[in-house]
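Everything below concerns the one structure shown next.
The values are calculated or read from the model by the stated rules, or taken from the named source; none is laboratory data. Keep in mind it's a predicted model, so treat the numbers as computed, not measured. Here the Cβ positions follow ideal geometry from the backbone for every residue, glycine too, while neighbour counts run over all protein chains shown.
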Amino acid sequence: MVPSRLSSLLAHFFVLCAYVQVTVQSSPNFTQHVSEQSRVTDRVSRRLIRTYQLYSRTSGKHVQVLGDRNINAMAEDGDAHAKLIVETDTFGSRVRIKGAETGYYICMNKRGKLIGKTNGQGKDCVFTEIVLENNYTALQNAKYEGWYMAFTRKGRPRKGSKTRQHQREVHFMKRPPKGHHLPEHRPFDFINYPFNRRTKRTHRSGRQ
């Protein structure tokens, strides 16, 4: 009787081990899934649109998109051409950036030069926002990986092929447009119910 029970227990044990092994092997790799999905344009989810300025760490001024499609980092705080509209491209951190004043998207051509385009649907007009340890943000082009948006001390665009993530030229800080502030938190609104004498009298008498 004892050997029979022992055999049964051993059989259940081996079945349980096999189930655990299959479960572990078949569990999805969430990090890999996020990485893969971040590379695919999301045309289903609702896109997030933000408005801000990009402050260049090297020039000390802001990125601007001009009417002649030129892009530089020479704008003063509050300049109309420094106001940027940022549209999310995926559920990750990939974005499309265009000038609010001109409507031109910031894109990068095969030579690594920043150019303005009216149609920003191509991958050359998509940038991945990378938050760095120093709290600055780097913008890596989605089509040309390893190439970043960058500007010299004089605010002139630098070729993406000559950029690296650790360089000051690729570091930016997001700033709200001049005069634009985040909405303040409003205090809770308490609802005042009308006084009901009958309800009060019923409560005191203990009747329901």
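A few comments on the model shown:
- Being at pLDDT 95 or above, surrounded by fewer than 19 Cβ atoms within 10 Å (Cβ to Cβ) and among the charged types (D, E, K, R) holds for only one residue in 42, 77, and it is 77.
- Checking residue 91 against (1) buried (at least 21 other Cβ atoms within 10 Å of the Cβ); (2) farther than 17 Å from residue 118 by Cα; (3) at pLDDT below 95, the condition it does not meet: (1)
- Residue among 134, 119 that is assigned to a loop (DSSP other than H, G, I, E, B) and under 21 Å from residue 47 (Cβ atoms): 119
- If only residues of region 45-74 that are of a type in the set (Lys, Arg) and modelled with pLDDT under 95 are counted, the one that is farthest from residue 137 (Cα to Cα) is 46.
- Answer residue from region 109-158, given it is of a type in the set (Ser, Thr, Tyr) and in contact with a His (Cβ under 9 Å, 6 or more places away or on another chain) and is farthest from residue 90 (Cα to Cα) among those: 136
- The set of residues in region 56-94 that are within 18 Å of residue 160 (Cα to Cα) and either free of Cβ contacts under 8 Å to residues at least 40 places away in the same chain or assigned to a loop (DSSP other than H, G, I, E, B) (or both) comprises 57, 58, 59, 64, 69, 70.
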